[in-house]
Amino acid sequence: MPSQPTSGNDLARFSGLQTFMRLPAAETAEGLDVAFIGVPMDIGTSWRSGTRFGPKQLRQESAMIRPYNIQTGAAPFDGLEMGDLGDTAINTFSLSDTIRIITDTYDGILKHDVIPVGLGGDHTMTLPILRAIAKKHGPVALVHVDAHADVNDEMFGERETHGTVFRRAYEEGILVPEKVFQVGLRGTGYTAEDFTEAQGWGFNMTIAPEIWGKSLAPLAADIKSKIGDHPVYITYDIDSLDPAFAPGTGTPEIGGLTTWQAMEFLRGLNGLNIVGFDLVEVSPPYDPSGNTALVGANLIFEMLSILPGVPYR
Ligand code: MN
Ligand code: MN
């Protein structure tokens, strides 16, 4: 049996080392099927910061999650060996250096046959992660849940920020554009054409009003059929949710997803060839209740529950 999270019946939930779900801490990814890695950065943000504290609070709130997904039957820890590698040693004074460090860190992790789980951190981190992922797996399919498309060309002349990630990834050829699915887009734009250029590259966009009040199971099924068995990376920006559910984030937009839509969507992706995922943009200073991080930690658990090799009971 693979390592299990420390049970709340063996050691009180508020005790112990702060790892994700109180799984074992690990020095390297050797022997792991799934490795958690915190990326405590917020210097790529354009409005409110604070995501440097995201990994810590995601781990803290994850302590309440129990190992079985009794709603779906998934038993992620019965099939996969998981460990928490701690945080990437980013340079909080240099965004460009931090981006380089993240790729180097992921290159090291991906020497092993492991699925990396990134705990954010601002969305800039996903670009250097995708660079490392593509070195190993080739250009990947992408499921990107977000209020924003993050396809700006530059911000203040900077080409690598949390708002430019997927334009850079497209330009660098590390995505399969026809297999990129952006879900939950909304808010206000600088031009009426903010989304249309990326659609021309092949990106598939589902804007929030198209899914208001609806089940997301059909959308997930459609995306799954279009991705097939191609290696896919999931990047989950917590601001895809309505601020009523996740106020603790840097660039909130009203009219977003509900928590049950997010859960239904992720559950509907079960069966994809997921090679990595992240959850980004949790900013604890804007939600002292911890609720945003609690939602984020549970969505990470939902993504663990659909990884290849997870048994059902
Ligand atoms: Mn984003
Ligand atoms: Mn966003």
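Here are some notes:
- Rounded is the label for region 156-313, because the ratio a/c of its alpha-carbon gyration tensor axes (a ≥ b ≥ c) stays below 1.5.
- Counting 0.36 nm for each residue step from Arg100 to Lys136 and taking away their Cα separation leaves a gain of 11.3 nm.
- Spacing of the two label points (7 Å from each Cα toward its C-beta) at Glu154 and Glu27, in nm: 4.5
- Alpha-carbon centroid distance for the pair region 133-187 / region 247-282, whole angstrom: 16
- Distance-filtered residues of region 273-313 - backbone nitrogen under 12 Å, label point 7 angstrom along Ala221 Cα→Cβ: none
- Counted over region 1-132 with a bin width of 10 Å, the fraction of Cα pairs per bin, in whole percents, is 13, 40, 33, 14, 1.
- The chain: angle of helix 95-109 to the longest principal axis, Cα-based, in degrees nearest 10: 50
- Computed over region 92-142, Kirkwood Rh from alpha-carbon pairs, angstrom: 11.3
- Chymotrypsin sites (Phe, Trp or Tyr not before Pro) restricted to DSSP loop in region 1-101 with at most 12 other C-beta within 10 Å: Phe14, Trp47, Phe93
- Seen against the Cα atoms of the chain and their longest principal axis, helix 291-304 is set at about 80 degrees.
- Gyration tensor over alpha-carbon atoms, region 188-259, equivalent ellipsoid semi-axes in Å: 22, 18, 13
- For the chain, the longest principal axis of the alpha carbon atoms and the long axis of helix 217-227 meet at an angle near 80°.
- Per residue, the average separation of C-alpha pairs within less than 8 Å and at least 6 apart gives region 20-304 a relative contact order of 22 percent.
- Inter-probe distance in nm under a simple model that places probes 7 Å from Cα toward Cβ, at Phe14 and Met1: 2.8
- Relative contact order for region 56-188: 20 percent, from Cα pairs under 8 Å spaced at least 6 residues apart, divided by residue count.
- Low-density loop cleavage sites - GluC sites (Glu not before Pro) in region 144-233, where at most 14 other Cβ are within 10 Å (DSSP): Glu154, Glu172, Glu193
- Added length on full extension, which subtracts the Cα-Cα distance from 0.36 nm per residue, His230 to Glu210: 4.6 nm
- Qualifying GluC sites (Glu not before Pro) in region 1-82, DSSP loop, other Cβ atoms within 10 Å at most 10: Glu27
- Whether the chain is rounded, prolate or oblate, judged on the alpha carbon gyration tensor where a/c under 1.5 counts as rounded: rounded
Coordinate-derived values only; no laboratory data. Everything numeric in this text was worked out from a predicted model, so none of it was measured. Neighbour counts are summed over all protein chains in view; Cβ atoms, including those assigned to glycine, are modelled from backbone coordinates with ideal geometry.
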